Amino acid sequence: MEGGCPVDYNTITDLFLQRNLIREATAFLLDVLKPNLPEHGYL
């Protein structure tokens, strides 16, 4: 997600989960967390 608009990953994940879109939430998090950065530890 580099180079795109800044988003709050926690908010996006919550939106997926509120709509019971578990697969989409999982795919989103796997994509976002690929770099394995320390600042993503809260996710």
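Things to note:
- Inter-probe distance in nm under a simple model that places probes 7 Å from Cα toward Cβ, at Glu39 and Gln18: 2.5 nm
- Taking Cα atoms only, the orientation of helix 22-32 departs from the longest principal axis of the chain by about 10 degrees.
- Estimated 222 nm signal from helices in the chain, with DSSP H stretches of n ≥ 4 weighted -39500 (n - 2.57), rounded to 500: -14500 deg cm²/dmol
- Dipole orientation for the chain: of the candidates Leu17, Leu37, Pro6, Leu17 has the Cα lying most toward the positive pole (charges on Cβ; Lys, Arg +1; Asp, Glu -1).
- Angle between the chain longest axis and helix 9-18 axis [Cα atoms, degrees, rounded to 10]: 10 degrees
Values quoted throughout were computed directly from the atomic coordinates according to the rules given, and no laboratory measurement underlies them. These figures come from a predicted structure and were not determined experimentally. When we count neighbours, we look across all protein chains shown, and the Cβ atoms used for this are built from the backbone with ideal geometry, even at glycine.
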